[in-house]
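Please treat every number below as a calculation from the coordinates, not as lab data. These numbers were taken from a predicted model, which means no experiment stands behind them. When we count neighbours, we look across all protein chains shown, and the Cβ atoms used for this are built from the backbone with ideal geometry, even at glycine.
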Amino acid sequence: LRRQQVLQLYRQILRALRDGPADADRRYLKDWAREEFRRNKDATEEDAIRMMITQGNMQLRELQKTLKLAKS
């Protein structure tokens with residue numbers, strides 16, 4: 001169940017980055033997201049994983065807001 005949530009979050013982040021303003025920024029943010037997920041891939045503690053998913057969702061919402069502002 002957690003694995004599905006993590007993969008869903010990762011996909012949502014990558015989809016949000018498609019709307020990035022500049023190619024270099026998009027690449028930088030994509031590399032950042034990939035590295036964050038790689039860095040935490042060995043986490044096994046349920047509470048820590050739940051916290052990281054919550055934190056990731058908050059960062060996703062912030063990213064979406066920022067990208068929306070950058071477009072206007």
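Find, among the trypsin sites (Lys or Arg not before Pro) in the chain, those assigned to loop by DSSP (not H, G, I, E, B) with at most 15 other beta-carbon atoms within 10 angstrom. Filter output for the chain: ARG18, LYS41. Between ARG34 and LEU69, the simple label model (points 7 Å from Cα in the Cβ direction) yields a spacing of 2.8 nm. Karplus-derived 3J(HN,Hα) values for segment 7-12, using 6.51 cos²θ - 1.76 cosθ + 1.60 with θ = phi - 60°, are 5, 4, 4, 4, 5, 5 Hz; glycine and proline are entered as x. Subtracting the Cα-Cα distance of ARG2 and ARG26 from their residue separation scaled by 0.36 nm leaves 6.0 nm.
Angle of helix 23-39 to the longest C-alpha principal axis of the chain, folded into 0 to 90 degrees and rounded to 10: 0°.
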